[in-house]
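Remarks on the structure that follows.
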Amino acid sequence: MASGQHVSAIKGAKVLMVGAGGIGCELLKTLALSGFQDIHIIDMDTIEVSNLNRQFLFRQSHVGLSKAKVARDAVLRFRPQISITPYHANVKDTNFNVDFFKQFSVVLNGLDNLDARRHVNRLCLAADVPLVESGTTGFLGQVTVHIKGQTECYECQPKPAPKTYPVCTITSTPSKFVHCIVWAKDLLFAKLFGDKNQDNDLNVRSNDAATSSDHSEDIFEHRKDEDIQQYANRIYDHVFGHNIQTALSNEETWKNRNRPRPIYVKDVLFDEPIQQNGNVDKSNDHLSSLSAMAYLDLKNPQDIWNLRENSRVFFAALKLFFSKRQKDIGNLTFDKDDPLAVEFVTAAANIRAASFDIPLHSLFEAKGIAGNIVHAVATTNAIIAGLIVIEAIKVLQNETKNCRMTYCLQHPSRKMLLMPVEPFEPNKYCYVCSETPLLLEVNTHRAKLRDLVEKIVTSKLGMSLPLITHGSSLLYEVGDDLEEDMVANYAANLEKVLSELPYAITGGTIITVEDLQQELVCNINIKHREEFDEENEPDGMVLHGWTPAPAAENSKDATDNNGASTSSTSKSAPDVIEDDDDLSILETGIETIPAGGQKRKLSDVSNPEPPVDEKRAKKIPMHPENDDDVIVMLEDGNDDISKTTQ
C-alpha cells in the first residue's frame, strides 16, 4: 500500500504530458490508474489508421481526430473524477512559454523528434521544473530524469545528426539502395509533385551545364496539350535515360566505378500498354484507397518487382497522381503513410538501382528505408510508461537520490531486462545548462548571416525565435511584434556577408544568440577559416562544443539496414526513438555496460574541445538521437540486435 506521503504527492501534483502517441496512451492510462488528479496533455497530431495497433485509447471511428482530446475522453470513461486538460497544439507554440511550464510539478515527455525534445528541455530548465524523458524502439527503451542543477539536462550529451549523403553521390554515383531512395524521395518526387521551382540536380547532370540546359529546360512542366502517358514517358526517358547518358560523358567519374546503363521506355515496355485492374476513373478518390499496386493487380508488397514491373508501377502511380490528385500537385511532400507516394518512390528507386546495378528491393523494404521505420512494440511502450510514472513519483516526493535512468533491454544482461543507472551530474561543458561558449569556424568573407541562422542557430542549436547580437548591436531578430522597418532591416542583414554586416562579424568576434521563448542564451566565438571540405563539411562552417556523436565506423558502411547499427560489435544496440507510428534509427558511438553496472566506451567521441568527464564516461552511454533517443548497451553477446528494428 502507498504511504500517506506517497498518496499526497500524487494527488497534489499537476502533471504535464507532452505527446499522446505510443508512449503517451500508455502513460495517460498509468497516471490515471496511479491516482494522479490533474493531468495536462499537449499533442499536435491527429489519429491515423496505423496508430490503432498499439495506441489502445483510439478506435477506427477516431481517425482524423485530435489525439490529445480523444485520449482524454477515453480515460475519463473509467476515471471520470480526475481532471484532464488536452491541448491540440504544437508544444513550440508561443502559448506554451516558461510561465506556462512553471505551473506544473513535473513534465513527462513522449515525443517523436529531437527538435521538440530540446525545446521542452530548455523550457523545463528555464521554469525549473523536473523533466522525465523517454523513448522506445522495438524491444528497446529508456527513461531518464533531468533536474536542473542536480542531474544532466537532456542536451548535456551530444545527439547524432541524421544520416546525410553528399549531393554528388545521390545524383551521380549511387552505390547503395538507400542512395536511390533518397534520390527518388527528395529529388524526383519533390520535383514532380512538390514545388517545381525548387532547385535540384535532376535537370542537368553534366559538368557542362550549358550543353544540356536547353534539353532539360521545363522538362518537368506538364504541357496543356500533353497526354499524361506522353508526359510520363518524357519524364522517364529524361531521368533514367538522358541524365544517365549525360553522366557517362564524364569519363573521369567512371575510371574506378561500374558504368551505369541508361534506361528508356522503349527498352523496357516495348510500347506495351499498361494493363490495369478495373477502371481508374471509377476508383475511390480517398488518399488511402489510391494504389498503383491495386491498379495493376499486384498483391504482395514483399515481392521484389522486376524492372518492367517497376516501370509499370512508376507510370501507374504518376497517372493516378495526375488524374485523381491533381489539386495536390505542387504542394505534396513525401509521406510514408501515403500508399501512392510509397509506390512511386519504390518504383523510381528500383529503376535507378537497376541502372546502377544495385540490387532491387521490395515495396515493404523500400518503405522502411524511405520512412526510417522501426516497428513499435506496444509492450515496450507499456513498460516504459510504468517506469516514467515510477520516476515521476520519486521526483514529486523529493527522492532525487533514488532516481534512476532505466534501460529496457531486448535480451537479459546479468539476468536483467531492466538496467537502472544513477543519473549524471550536469555536464560543465553543456552550452544549454552550463552556458559554455561555443566555437564556430566559418569563412567570414563568404558566409552570409542567413547561412549562420539556418545552418547553425535553427538547425543545430534548435532555436525557434532567435535573436543575434554583436556587443550591444542587434543584427537579427524574429517575432510577430516587430515593426515593418525592423523586419526589412533584418531581412537585408540576412543577405549580407558576415564581415560586411553593419557591425562586422570577423575572426575573434563573440556573438550572442538568444531564444526569448526558451530563455536560452548562448555565446559563440567566431574563428575565421578560409577553406572547408565539401564532402565532410558541406555546411561550409563547423560548430564546436555542439558536436554530434559520430556514426560508428564500419568498413561495410553503417547505412545498411536503413541506418540501424551494423557494427560488428555485438554488444551494441540502436538508439531508441519513439514515434507515433514507427521509429527512426540513428548511427551513434557504441558503449557497453560492464559487469560492475557502469558503462565504458568502445568508440571515441570526436569532440576535441571539452575534455571527457572520466567519471561520467564510465557510467553510461551518450544519448544520441534524432527523433528520440537512447543507446541501450548490452554486456551479453547478442548477435545483431539491430535486425529486429527492420
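Data overview
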| read-out | value |
| --- | --- |
| Neighbours by Cβ (under 6 Å, 6+ apart or cross-chain): first from the stretch 148-177, within 30 Å of W254 (Cα to Cα); second part of a loop (DSSP other than H, G, I, E, B) and modelled with pLDDT of 90 or more | P174/F356; F177/I358; F177/H361 |
| One residue from K367, K415, K428, K401 being open to solvent by 40 Å² or more (accessible area, probe 1.4 Å) and in the same structural domain as I235 (by the TED database) | K367 |
| In the stretch 464-473, the residues that are hydrophobic (A, V, I, L, M, F, W, C) and buried (at least 17 other Cβ atoms within 10 Å of the Cβ) | L467, I468 |
| Meets criteria (touching a Leu at 6+ places or on another chain (Cβ under 7 Å), over 24 Å from N113 (Cα atoms) and not aromatic (F, W, Y)) for L467 | no |
| Residue tally, condition within 19 Å of L269 (Cβ to Cβ) and in a loop (DSSP other than H, G, I, E, B), over the stretch 305-343 | 2 |
| Residue in the stretch 438-453 that is within 25 Å of the chain's Cα centre (by Cα), open to solvent by 40 Å² or more (accessible area, probe 1.4 Å) and of a type in the set (K, R) present | yes |
| Single unsatisfied condition, L461 versus (1) under 30 Å from A491 (Cα atoms); (2) in contact (Cβ under 8 Å) with a residue 40 or more places away in the chain; (3) surrounded by fewer than 17 Cβ atoms within 10 Å (Cβ to Cβ) | (3) |
| Members of the stretch 300-326 found to be among the small types (G, A, S), over 14 Å from D237 (Cα atoms) and in contact (Cβ under 8 Å) with a residue 60 or more places away in the chain, listed by number | S323 |
| All positions within the stretch 1-53 that are assigned to a helix (DSSP H, G or I), of a type outside the set (S, T, N, Q) and in contact (Cβ under 8 Å) with a residue 60 or more places away in the chain | H6, A9, I10, G22, I23, G24, C25, E26, L27, K29, L31, V49 |
| Subset of the stretch 93-114 that is surrounded by fewer than 18 Cβ atoms within 10 Å (Cβ to Cβ) and of a type in the set (D, E, K, R) - its residue that is nearest to Q142 (Cα to Cα) | K102 |
| Residue check for F36: more than 24 Å from T137 (Cα to Cα), open to solvent by less than 20 Å² (accessible area, probe 1.4 Å) and either modelled with pLDDT under 95 or in contact with a Lys or Arg (Cβ under 9 Å, 6 or more places away or on another chain) (or both) | yes |
| Residues located in the stretch 57-73, provided they are outside any loop (DSSP other than H, G, I, E, B), open to solvent by 10 Å² or more (accessible area, probe 1.4 Å) and not charged (D, E, K, R) | Q60, S61, H62, S66, V70 |
| Entirely in the stretch 75-188, the strands (runs of 3 or more DSSP E) that have 3 or more residues that are among the aliphatic types (A, V, I, L, M) | 106-109, 140-146 |
| Qualifying residue in the stretch 290-303 (condition: of a type in the set (A, V, I, L, M), closer than 19 Å to L187 by Cα and either open to solvent by 30 Å² or more (accessible area, probe 1.4 Å) or at pLDDT 90 or above (or both)) | no |
| In the stretch 250-267, the residues that are of a type outside the set (K, R), in contact (Cβ under 8 Å) with a residue 60 or more places away in the chain and not in a helix (DSSP H, G or I) | N258, P260, P262, I263 |
| Scan of the stretch 479-494 for residues that are open to solvent by less than 50 Å² (accessible area, probe 1.4 Å) and in a loop (DSSP other than H, G, I, E, B), ordered by number | G479, L482 |
| Residue that is farthest from D335 (Cα to Cα) [pool: residues in the stretch 48-62 that are at pLDDT below 90 and among the hydrophobic types (A, V, I, L, M, F, W, C)] | L52 |
| Given (1) touching a His at 6+ places or on another chain (Cβ under 9 Å); (2) at pLDDT 85 or above; (3) within 20 Å of L320 (Cα to Cα), index of the condition F220 fails | (2) |
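Matching residues to (1) touching a helix residue (DSSP H, G or I) at 6+ places or on another chain (Cβ under 6 Å); (2) open to solvent by less than 10 Å² (accessible area, probe 1.4 Å):
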residue	(1), (2)
H6	no, no
K14	no, no
G21	no, yes
L27	yes, yes
N51	no, yes
Q55	yes, yes
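The values are calculated or read from the model by the stated rules, or taken from the named source; none is laboratory data. What you see is a predicted model, and the numbers here were worked out from it, not measured in a lab. For neighbour counting, all protein chains shown are included, and Cβ atoms are generated from backbone atoms with ideal geometry for every residue, glycine included. What goes into the accessible areas is simple: the full protein's heavy atoms, side chains included, and nothing from ligands, DNA or RNA. Shrake-Rupley method; radii C 1.70, N 1.55, O 1.52, S 1.80 Å.
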